Amino acid sequence: MPTLLNYCGDDELYHGSSLDLGRLYSIGSSVDVYYPPTKRARITAPFIFDRVQDRKSSIEVLPDECLFEIFRRLPSAKERTSCACVSKQWLMLLSSICKAEIERNTSSNDIEKISSNEDQDIEGDGYLTRCLEGKKATDVRLAAIAVGTSGRGGLGKLSIRGSNSVRGVTNHGLSAVAHGCPSLRSLSLWDVSSIGDEGLSHIAKGCHMLEKLDLCQSSSISSKGLIAIAEGCPNLTTLNIESCSKIGNEGLQAIARFCPKLQSISIKDCPLVGDHGLSSLLSSASELSRVKLQALNITDFSLAVIGHYGKAITNLVLCGLKNVTERGFWVMGVAQGLQKLVSFYVTSCRGITDASIEAMGKGCTNLKQMCLRKCCFVSDSGLVAFTKAAGSLESLHLEECNRVTQSGIIGALSNIKTKLKSLTLVKCMGIKDIDVEVSMLSPCESLRSLSIQNCPGFGSASMTMVGKLCPQIQNVDMTGLYGITDAGLLPLLENSVAGLVNMNLTGCWNLTDNVVSALARLHGGTLESLNLDGCWKVTDASLLAIAHNCLLLNDLDVSKCAITDAGIAVLSGARQLSLQVLSLSGCSEVSSKSVPFLTKLGQTLLGLNLQSCNSIGSSTVELLMENMWRCDILA
C-alpha cells in the first residue's frame, strides 16, 4: 500500500479535487491512503497546443538582474560568447558586465582542467583590431565585439568611421566597449556625431590603458568628454583632434594636468582652441616630441611657448596659422629651445619670411628636413641665409614659393653641398633658365635625390647645369617638365657617376628614343624603375634598348607612348629582364596579338595596366586573367 504514495500519476487522472501532497504528507506515516483509479479523460489536441504556446520558458521570464548574476558566473569567455548568440537581449546584457564583475571561483581541479584544454581563454593583452565603417557601425556590433574579443586576446584598437543612419553607434555602444574591453589602447572616432561626452566618459572609466585617442568631426564631443579622458587615462601618449567644434582650451588644460606621458598631438580646425589651452599643454608635456597645428586661432604667443618649452620636440608641422606673424616665427627660432628639432614643415603661413626662416635656421641646429609650401614671402636671400645657418640640413622641399629663383637654388646648394641628400621643387614659378658659368660652381657631392615637378620655367639649360652640379644623383623625378629636350637631359645622364636607380619623366613629351636609349645604355646596370608616361615620341626602339641593356628593371611605365605589339614581343624575349610592374595604359596600338608575349612576361609580373587600350577586347582581358592568375590586371 505505501507504494501508491510514490506513484507518478502519469497514467491515471483523478476526479474530484486535485491531489494535495501537503495534506497527504501531514497524515501520520502509519496511515495508508488509497484513491481508486478512474478512466482517462479525453482532451482535444488544440487545447494542448494552445497551452504550450502560451507558456514561456523559465529562462525567459527571469528578470535581467537574475540573468546578470547567472552570466557573470559562467566559467569562461567561451560560454559567455555562446550565450550572446542566443538573442539581442542576452547580447546587450552580457556586454554590460564589466570584467571586474565576472566571478572567478575556480577550484584546483578546475584549474588543471583549464590548463590542459587547448581552447582555453587567452589573456586580454589587447592585440586585436576592429574597424567599423558606415552601415556596419551600430551598437549591436560594438556589443558583439566587446563580448567576442574578451576571450581571444582582448581588443586593443577600435576604429569607427561614419555611422548607420538608422541604427547608428551611440553612447551605449561605447559603454559596452568600456565594460568588456579594459585592454583598449587606441580609439578612433571619425564623423560619428551620435557619440558625445557620455560615451567618452564610459571609455575613461573602463579603459584606463588607453594610449591613443583620435577624434575627427565629432560634433557632439566637448571639452567635458576630453576632461574625463584626461582624468581616467593617464597613459595617453597620442592625441589627434580635427574639426571638433566644441572642444576648447579647458579640455587641453586637463590633458596637460593629467597626462604626463603625452608624446604626440595634432590639432586641426578647432575654433575654440586658443593660446591659453595650447600654451598650457605645450609647457606641461615634457615628453612631447611630435606637434601638428593646423587652421587654429592662435597667435605669436603659442609659437613663443613652443620655442621656449619644446625641448623634446623632433617633428613640427604648422599649417594655415593666419594670425601668426613674422615675429612669432622669429621668437620661436631665437628662443633656442628647439635644439632637438629634426623635421619642420610649414604650409600657408604668412609669418614665414626671410628674417624668420633665418632665425629658425640659427635656432634649430640639428634640423635635417625643411619643407616650405605656399610661403609667398620667402625669397632667394632668405633661402640662402637659412641654408647657411642650418648646417645639418639633408632634405629641402619648396612648393609654390614663387619668389625663389634659380640663383637662390644655386646659392642654397653651395651652402649645404656636403650634407644635402634630397632637393624637391614643386610649382615654383620663379625658377627660369638663366646663363650660369657652371665651371665657377662647386658640385654638390652629397645630393642623391632630385625632384623638380611642374616648374614650367625649368628647361634644358637648367637641366644641363643640374647634371654637372650633381654627379652622385641616383633618383630623378622630372614630372611635367615639358620644356626639357634630349640635349638638356643627356648631360645629367653622362655626368651621373653613381648610376641612376629611379627615373620619372612623366609628361616630358619632348623626349625621344635617343635619350631613352642613352639612359638604358649608360645606366642599365642600376636602373630599377622608369616612368615614361605621356612621352608620346617614345617608340618600340626604346623598348629594344631597355630589353638589351636593363638588368635590374622591375617597374616600367610606357603609358600613352607609341608602343606596338612588336615592342611587347621584344620585351618578352629579354632573358635577363624580370619586370614586376608594366603599364601600357593608353597604348592604342597594342592589340590582342600581344597576348602570348604578355603571358610570357606574366611569369614575373605582379601588376599589369591595360586601361584605355582600345585594341584589346574584354575577351582578351579575361584570357589574360586566366593565364596570369598571379598578376593584378587593370583594364
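The values are calculated or read from the model by the stated rules, or taken from the named source; none is laboratory data. Predicted, not measured: the structure shown is a model, and the values here were computed from it. As a convention, Cβ positions derive from the backbone with ideal geometry for all residues, glycine included, and neighbour counts pool all protein chains shown. Note: areas computed on protein heavy atoms with side chains; ligands, DNA, RNA excluded. Shrake-Rupley method; radii C 1.70, N 1.55, O 1.52, S 1.80 Å.
Its relative contact order, with pairs defined as Cα atoms under 8 Å and 6+ residues apart, puts segment 497-635 at 18 percent. Rounded to the nearest 0.05, the FRET efficiency derived from the C-beta distance between Asp435 and Ser283 at R0 = 60 Å is 0.70. With contributions of -39500 (n - 2.57) from each DSSP H run of at least four residues, the per-residue ellipticity at 222 nm computed over the chain stands at -10000 deg cm²/dmol. Each Cα pair of segment 138-194 feeds into the Kirkwood radius, which the Stokes-Einstein equation turns, at 25 °C and 0.890 mPa s, into a diffusion coefficient of 217 µm²/s.
Among the listed pairs Lys268/Lys417; Lys340/Lys417; Lys88/Lys205; Lys261/Lys417, those whose Cα-Cα separation exceeds 32 Å are Lys268/Lys417; Lys261/Lys417.
Once both labels are positioned 7 Å from their Cα atoms along Cα-to-Cβ, the gap between Trp536 and Arg161 label points is 3.7 nm. Taking 7 Å steps out from each Cα toward its Cβ at Lys421 and Lys311 produces label points 2.9 nm apart.
Relative to the longest principal axis of the Cα atoms of the chain, helix 486-495 runs at roughly 80 degrees.
For a label point 7 angstrom out from the Cα of Lys468 toward its Cβ, which stretches of segment 474-498 have the backbone nitrogen within less than 14 Å? Correct set: 488-496. Split the accessible area of the chain by element, probe 1.4 Å, and carbon with sulfur accounts for 52%. Applying 1/(1 + (r/R0)^6) with R0 = 25 Å to the Cβ-Cβ distance of Ser219 and His276 gives a FRET efficiency near 0.65.
Given axes a ≥ b ≥ c from the Cα gyration tensor, I'd like to know whether segment 186-326 is rounded (a/c under 1.5), prolate (a/b larger than b/c) or oblate. Cα axes put segment 186-326 in the oblate bin. Among rounded, prolate and oblate, which fits segment 416-533 when a ≥ b ≥ c are the square roots of the eigenvalues of its C-alpha gyration tensor, a/c under 1.5 means rounded, and a/b larger than b/c means prolate? Note, shape of segment 416-533 comes out rounded. For segment 531-635, applying the loop criterion from DSSP together with a ceiling of 12 other beta carbons within 10 Å to the trypsin sites (Lys or Arg not before Pro) yields Arg575, Arg630. Length gained on full extension, Val61 to Arg290, computed as 0.36 nm times the residue gap minus the Cα-Cα distance: 76.8 nm.
Among rounded, prolate and oblate, which fits segment 275-320 when a ≥ b ≥ c are the square roots of the eigenvalues of its C-alpha gyration tensor, a/c under 1.5 means rounded, and a/b larger than b/c means prolate? It is oblate, given that a/c is not under 1.5 and a/b is not larger than b/c. Please work out which option in (i) 40, 36, 25; (ii) 50, 31, 25; (iii) 70, 38, 19 gives semi-axes √(5λ) of the Cα gyration tensor in Å calculated from these coordinates, and answer with its label. Entry (iii). Per residue, segment 177-279 exposes 35 Å² of solvent-accessible protein surface, assessed with a 1.4 angstrom probe and all protein chains in place. Suppose R0 equals 25 Å. What FRET efficiency, 1/(1 + (r/R0)^6) with r the Cβ-Cβ distance, do Glu622 and Val581 give to the nearest 0.05? That gives a FRET efficiency of 0.75. Site-free segments of the chain were taken between GluC sites (Glu not before Pro) in DSSP loops having at most 12 other Cβ atoms within 10 Å, sites themselves excluded; the longest one is 438-635. For segment 564-635, the Kirkwood estimate of the hydrodynamic radius, built from every pair of different alpha carbons, is 11.8 Å. Length, then width, then depth: along the principal axes, the Cα atoms of segment 301-401 run 31, 30, 19 Å.
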